[in-house]
Amino acid sequence: MNRKALVLALAALCAASAFAMGGKEAAAPANPRIKLATTTSTENSGLLGYLLPLFEAKTGYKVDVVAVGTGAALKLGENGDADVVLVHARAQEDAFVAAGHGVDRRDVMYNDFIILGPASDPAGIGAAKSAVDAFTRIAGAGATFVSRGDKSGTHVKELDIWKAAGISPAGAWYKEAGQGMEQVILMADGMPGYTLADRGTWLAVKDKTTLKICFEGDKGLFNPYGIIAVNPAKWPAANTEGAKALIEWITSKEGLKAIESFKLNGEQLFFTYK
Amino acid sequence: MNPFLGALELILSGDREIFLIAGTTLRFSFWSTAFSTLPGLALGILLANHRFPGRRAAAAVVSSLTALPTVVIGLAVYSLISRSGPLGRLGWLFAPPGVVLGQTLLALPIVVSLVYTGLSKLDARFTETLVTLGAGRLRRLASTLFEAKYVLASALLNAFGRVTGEVGVSMMLGGNIRWYTRTMTTTIALDTSKGEFERALSLGILLLTISLAINALVHAAVKHEE
């Protein structure tokens, strides 16, 4: 190796990087980038990858999706780091709007939560009468339960059910993962244990696990999604026009139809209000 | 499937997204390494060639900063460039400049530290000789820079390798936005969380190949120095 080789190598590195520097998108609206903070369930199920290109092709906007838990998504909206949020925790959404962080909240779609567990269902929750009953049985049997533990919409729902059951979950059987839905399902699969999941994510990952739906169909497991624009009075720099355009489109006939038509392995993931 | 074959297939498939992701990774790394070059070189030379009170402490601080977790840098920069933070109006969060800023802060201590240790190894008589030959300040600086160029090259390659492989800063400041701020490491993290281990592993091998190439360069440089 001589000096020339080193210089040549550095030059090659620069060239490769410079080559990677091209590629800027065409801009139609004045402020074409919309930041959407949302939950992992909408992004990782593939829904947004299906919906947003339709919206982008029609309007010329470009939607940047930051997929985090509902709690984090609302926090991003509160701090002005997102223009619009799409989340699923109704009580927190209302509090968000009431506190002046967001405006123009609209219902978008829904699906439901399900309780996943080992095929053998060691706590016998298949026979439970309600979600609260199912959780009571899991705690009673001391069966392993994996919690999101990340203030996501699913975590909030889970805590609501524990509360309704009069149980404060703690102990070796209760594992707080602090991770996204897919990861938690895979962890529950590995342990094995129970977990609360949204149906969309479950359908997206079910082929990778041996878990089964042990309990479903309770009214208490309803999972509605809402979309909220960040308050422009608080964050003038936010892309309010873009947020508005996205909200209008996604709640329009066209947007709702697109949501209804999104299928994964032949199964519909999200439903709209008729 | 064999992950090595998978990696090869990923490259050969001509998948536009994979190339875009690899390109984004290289682009971020290039800029952050570039931005850390001048200040890194200046601070490294200052530490190595100038006597001032607290110099040893400063060197110790710099060398411990090289071990700073990426998530700590991510968090600090996050609170700085969030719209509710002091630099919020720039709109850098969840955009390429945010990632580049974070990675620059990650690369800087590495460059400073390696330039400093590299120059410290230079023969002390080098400067003395220059002084006896009557070289002025500027002339001495120029000669130091000339001597430092291989040290610097190796420092930059190291920094480049470090920022290419980091995930904390890219994830927290870039937000892993598809077609925009998604890098190889955040893609690997995402694929892992989705349970797509094969694809994650194949991407990992691709990343490893890039790091390996960079490391080969560093070693070649070091070997040359000897």
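FYI, it's all coordinate maths here, none of it is from the lab. Not measured: the values here are computed from a predicted model. Cβ: placed from backbone, ideal geometry, glycine included. Neighbour counts: every protein chain shown.
General observations
- Summing Cβ point charges (Lys, Arg +1; Asp, Glu -1) relative to the Cα centre of region B:31-129 gives a dipole of roughly 160 debye.
- One Cα centroid belongs to region A:69-132, the other to region A:191-249; the line between them spans 6 Å.
- In this Cβ point-charge picture (+1 for Lys and Arg, -1 for Asp and Glu), the protein assembly as shown has a dipole of about 1560 debye about its Cα centre.
- Over 18 Å between alpha carbons, listed pairs A:LYS129/A:LYS151; A:LYS157/B:LYS194; A:LYS62/A:LYS263; B:LYS121/B:LYS223; A:LYS208/B:LYS194; A:LYS175/B:LYS194: A:LYS129/A:LYS151; A:LYS157/B:LYS194; A:LYS62/A:LYS263; A:LYS175/B:LYS194
- Those aspartates and glutamates that a straight Cα-Cα span of less than 12 Å connects to A:LYS58, excepting residues fewer than 8 apart in one chain: A:GLU254
- Mean residue ellipticity at 222 nm, helices only, chain B: -25500 deg cm²/dmol; runs of at least 4 DSSP H residues each add -39,500 (n - 2.57), and the sum is divided by the number of residues.
- For A:LYS253, the aspartates and glutamates whose Cα comes closer than 19 Å to its Cα, not counting residues fewer than 8 places off in the same chain, are A:GLU56, A:ASP104, A:ASP107.
- Inverse of mean 1/r across different Cα pairs in region B:16-78, Kirkwood, Å: 14.3 Å
- FRET efficiency, 1/(1 + (r/R0)^6) with R0 22 Å, evaluated for B:LYS121 and B:LYS149 via beta carbons: 0.90
- Unit charges on C-beta of K, R, D, E only; dipole of chain B, Debye: 860 debye
- Just checking the listed ones, B:THR209, B:THR66, B:THR24: in the Gaussian network model of chain B with Cα springs under 10 Å, the one fluctuating most is B:THR209.
- Derived scalar couplings between HN and Hα for region B:70-75 equal 4, 5, 5, 4, x, 5 Hz in order, rounded to whole Hz, by the Karplus curve 6.51 cos²θ - 1.76 cosθ + 1.60 (θ = phi - 60°), x for Gly and Pro.
- Three principal axis extents describe the C-alpha atoms of region B:3-225; from largest down they are 65, 45, 24 Å.
- Going by neighbour counts of Cβ atoms within 10 Å, the residues B:ARG55, B:ARG182 line up, fewest first, as B:ARG55, B:ARG182.
- Distant alpha-carbon pairs in region A:112-221 (separation over 23 angstrom), percent: 13 percent
- Ordering B:GLY175, A:VAL63, B:LEU138 by Cα displacement along the dipole of the protein assembly as shown toward the positive end leaves B:LEU138 in first place; charges were set at the Cβ atoms of Lys, Arg (+1) and Asp, Glu (-1).
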